[in-house]
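See below for the structure under consideration.
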Amino acid sequence: MRLAAILLTGLLLAGCGSTGSTGQFGEVKLVLPPTASADDVGVFFASSRGFDEAEGVTLEPVRDAETADFRITDKPPEGCIAVLAIVQPDKLVLCADKFTLSDERDKVRAVAAALERGYTQAQLEPDEAAAVMGIDATQVENAAPSWTAGAKRFGELKPGPGRDPLY
């Protein structure tokens, strides 16, 4: 009888989560550069593999938006602080709105961690990553070295104004 109660409790708890859950931080709009490239693959790979949801966010990549808490860009707009390098040395960065960075630092860390996992895994599995975006794996293989070139790890930012390395 006790075993049945334990099993029933486990089943009930397993059913408590809803499908399509957005995690503790919810949906996060992430503005990508206007032109698609292999440098975007880590974002889509992170989503397809569930790395974003594992970190508590659901990445919503868009190409064009006036306002967003997060952007991947070569020139962060005013008020958007670089937190993670996508292409070294700081040629393409993830930047976060300064208020989001100040008030929701854990959310920023979650987005950065999801992207770090997506890009790192894309380097290890270029064929699978390319398939997610519908591009040739050679494009990913050619782009991937620039994500960590000269850095100790993916995402490392050079110190300087307008930068706030999370790690």
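The values are calculated or read from the model by the stated rules, or taken from the named source; none is laboratory data. Here the structure is a predicted model, which means the values were calculated and not measured. FYI the Cβ positions are ideal-geometry reconstructions off the backbone, even for glycines, and counts take in every protein chain you see.
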I need the full set of residues from the range 113-129 which are touching a residue at least 40 places away in the same chain (Cβ under 8 Å) and surrounded by 21 or more Cβ atoms within 10 Å (Cβ to Cβ), in order please. Ala113, Ala114, Leu115, Gly118, Tyr119, Ala122, Ala129
Against the definition (touching a Leu at 6+ places or on another chain (Cβ under 6 Å), free of Cβ contacts under 8 Å to residues at least 60 places away in the same chain, surrounded by fewer than 22 Cβ atoms within 10 Å (Cβ to Cβ) and not charged (D, E, K, R)), how does Pro61 come out, yes or no? yes
Just a yes or no: is a residue in the range 42-51 surrounded by fewer than 16 Cβ atoms within 10 Å (Cβ to Cβ) and in contact with a strand residue (DSSP E or B) (Cβ under 8 Å, 6 or more places away or on another chain)? no
From the list Thr73, Thr67, pick out the single residue that is among the β-branched types (Val, Ile, Thr) and touching a residue at least 12 places away in the same chain (Cβ under 8 Å). Thr73
Residues of the range 144-163 being modelled with pLDDT of 95 or more and not in a loop (DSSP other than H, G, I, E, B), in sequence order, are Pro145, Ser146, Trp147, Thr148, Gly155
For the subset of the range 131-145 comprising residues that are out of contact with any Asp or Glu (no Cβ under 6 Å at 6 or more places or on another chain) and either among the aliphatic types (A, V, I, L, M) or in contact (Cβ under 8 Å) with a residue 60 or more places away in the chain (or both), which member is nearest to Phe51 (Cα to Cα)? Val132
Of all helices (runs of 4 or more DSSP H) completely enclosed by the range 8-124, which ones contain at least 3 residues that are at pLDDT 95 or above and of a type in the set (A, V, I, L, M)? 41-48, 105-124
Residue pairs qualifying under the 7 Å Cβ cut-off, at least six apart or on distinct chains, with the first in the range 76-89 being more than 16 Å from Leu115 (Cα to Cα) and the second being of a type in the set (Asp, Glu) and in a strand (DSSP E or B), are Gly79/Asp97; Cys80/Asp97
Ala130: of a type in the set (A, V, I, L, M), closer than 29 Å to Glu104 by Cα and either under 18 Å from the mean Cα position of the chain (by Cα) or not in a helix (DSSP H, G or I) (or both), yes or no? no
What are the residue pairs meeting all of these: first residue in the range 24-38, first residue within 18 Å of Lys75 (Cα to Cα) and touching a residue at least 60 places away in the same chain (Cβ under 8 Å), second residue aliphatic (A, V, I, L, M) and surrounded by 15 or more Cβ atoms within 10 Å (Cβ to Cβ), Cβ atoms under 6 Å, and 6 or more apart or on different chains? Leu30/Leu59
Take the residues in the range 47-80 that are in contact with a helix residue (DSSP H, G or I) (Cβ under 9 Å, 6 or more places away or on another chain) and among the hydrophobic types (A, V, I, L, M, F, W, C); name whichever of them is farthest from Pro34 (Cα to Cα). Ala54
